[in-house]
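Q: The structure that follows is given in the form of structure tokens.
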Amino acid sequence: MVLINTIDISPPLLNSSCAWSSDLKQLTELYESEYTGAITTRTATLKGFEEDEKHTVAFTTSGTTTINSYGYSPHPLSQYLTWVEEILTTHASFNKAIIISITASTAGEIAQMVDAIQELRTKLLDNQRPSGKTRIGVELNTSCPNISYASPSGYSFKSLWPLVIVLGDAFAQDPTLTLGMKLPPYTHMDQYMEVMAGLRSLAVTPPGREKTNPFAFLTCTNTLGNSLLFSEQTVPKETGDKNEGKDAEKEKDDTKAKAKTSQFAVPPVLGGLAGDGLHPLALGNVYRFRQMLSEESKETGLSDIKIIGVGGVTSKEAAERMRKAGADVIACATLFGKEGVRAFEILGKD
Ligand SMILES: Cc1cc2nc3c(=O)[nH]c(=O)nc-3n(C[C@H](O)[C@H](O)[C@H](O)COP(=O)(O)O)c2cc1C
């Protein structure tokens with residue numbers, strides 16, 4: 001069991017936000033798996049993201065690597081809140097948490113989103129559970145590399161500032177709110193230092209508690225943007241993944257789109273790399289953050305931040321490497337896309 005603020009993740013294994021945690025059926029299946037200790041929704045925006053045939057994923061023919069060109073979920077946050085309510089009320093005896101992945105480009109939007117999430121938590125008495133553990137958390141996605149009009153905000157902590165302030169205020173008002181941040185893969189020291197300095201300045205002292213950081217966890221890492229795979233390196237769409245979250249029409253669109261741009265694995269040519277190909281960089285990011293967080297003094301509230309290690313966890317051995325690098329909890333997307341919920345059995349079964 002790993003306690004992240006008020007969320008108990010047991011076993012310490014979950015899905016990372018992805019296209020296969022997009023709808024009620026997929027989320028329910030994930031939630032009911034005995035091998036997931038929590039689940040994460042696909043990233044939602046306030047109004048929903050316009051998705052078309054350019055947004056897709058391809059799996060490599062050898063190994064377990066993906067390239068994807070998805071943006072955010074086409075379903076708005078309000079839809080996820082309806083589904084989260086349904087799952088939590090129909091599984092009242094479960095202690096498992098649902099981490100709602102959100103993103104926005106303005107502070108006003110984030111404020112509306114966090115208010116709506118807090119409204120649902122109040123309605124479900126999420127902060128009054130006898131165990132003191134809660135079943136709804138929030139992950140701020142700062143790191144999607146596939147948005148044509150915006151670079152991942154996690155590469156410039158300053159640009160994130162207006163959003164994290166809003167979330168920090170929400171935590172100060174209600175310290176039972178468990179917040180995390182999904183970060184992009186970093187490659188040099190200045191990037192880590194900027195995140196650490198930003199986080200350090202957010203520390204608050206809620207009534208009756210020691211100095212703490214509003215962000216209880218970091219999820220490292222998202223996909224590596226600007227990656228390129230050729231079609232000949234990837235398998236045809238229909239055979240790549242075992243998840244059946246998409247309707248037949250969308251499936252046909254994906255295939256047509258791929259045929260049109262058959263030289264490249266995804267229609268925009270460049271996309272986000274994940275799976276085995278990302279693993280060493282993800283391990284490095286987890287290791288670096290673990291070192292930096294553990295060197296912080298208690299007063300900054302940073303030393304308690306937990307790390308969800310993501311990136312190329314495609315086998316038990318890879319999960320073990322993530323733990324050795326410093327992850328408290330392990331998550332995956334590509335293996336889940338390839339195997340369906342059986343992925344968590346592969347990673348979690350003794
Ligand atoms: C098809 C696909 C869709 C994804 N969508 C999201 C998303 O909506 N939000 C997010 O934070 N990360 C998203 N990711 C990134 C994953 O959560 C994860 O960080 C990344 O894929 C690395 O993990 P992996 O190697 O296990 O795939 C997506 C990844 C894939 C492959």
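Q: Given the pairs K237/K324; K298/K324; K123/K158; K158/K338; K158/K324; K54/K96, which span a C-alpha to C-alpha distance of over 26 angstrom in this model?
A: Violating the 26 Å limit, Cα to Cα: K237/K324; K123/K158; K158/K338; K158/K324; K54/K96.
Q: Helix 189-200 sits at what angle to the longest principal axis of the chain, using alpha carbons and giving 0 to 90 degrees rounded to 10?
A: It works out to around 40 degrees.
Q: Next question, about the same structure. If you roll a 1.4 angstrom probe over the protein chains with everything in place, what fraction of the accessible area of the chain belongs to carbon and sulfur, to the nearest %?
A: 53 percent
Q: So if I take the centroid of the Cα atoms in the stretch 211-226 and the same for the stretch 96-175, what is the distance between those two points in Å?
A: Computed from Cα coordinates, the inter-centre distance equals 12 Å.
Q: Over all directions, the average projected area of the alpha-carbon convex hull for the stretch 39-168 comes to how many nm²?
A: 9.9 nm²
Q: If you wrap a convex hull around the Cα atoms of the stretch 126-181, how much volume per residue is inside, in Å³?
A: 85 Å³
Q: Sort all Cα-Cα distances of the chain into consecutive 10 angstrom bins from zero, then give the percent of pairs in each bin up to the one containing the longest distance.
A: With a bin width of 10 Å, the distribution comes to 6, 27, 37, 24, 6, 1, 0.
Q: Could I ask something else about it? Before anything else, pin down the relative contact order of the chain: Cα pairs under 8 Å, at least 6 apart, normalised by residue count, whole percent.
A: With pairs under 8 Å counted, the relative contact order is 22 percent.
Q: What do you reckon, how do R200, R342 stack up by accessible area (1.4 Å probe), largest on top?
A: Heavy-atom accessible area, descending, gives R342, R200.
Q: Further question on the same structure: Quick one: ranking H91, H188 by accessible area, 1.4 Å probe, largest first, what do you get?
A: H188, H91
Q: Then there's this: Using 0.36 nm per residue of separation minus the Cα-Cα distance, give me the extension gain between S159 and E295 in nm, one decimal.
A: Extending this stretch completely gives an extra 46.4 nm.
Q: Sorting check: for 125-133, 281-289, which peptide has the highest mean count of neighbouring beta carbons within 10 Å, and how do the rest follow?
A: Those peptides, ordered most packed to least, come out 281-289, 125-133.
Q: Using only Cα atoms and rounding to the nearest 10 degrees, what angle (0 to 90) does helix 279-294 make with the longest principal axis of the chain?
A: Approximately 10 degrees, to the nearest 10.
Q: Right, another one. Given points 7 Å out from each Cα along the Cα-Cβ axis, report the L270 to E320 separation in nanometres with one decimal.
A: It works out to 3.8 nm between the two label points.
Q: I want the antiparallel fraction of DSSP beta bridges within the chain, as a percent rounded to 5.
A: Of all bridge pairs located within the chain, approximately 35 percent are antiparallel.
The values are calculated or read from the model by the stated rules, or taken from the named source; none is laboratory data. Predicted model only: the values in this text are computed from it and were never measured. We place every Cβ from the backbone using ideal geometry, glycine too, and count neighbours over all the protein chains shown. Surface areas here come from the heavy atoms of the whole protein model, side chains and all, with no ligands, DNA or RNA. Shrake-Rupley method; radii C 1.70, N 1.55, O 1.52, S 1.80 Å.
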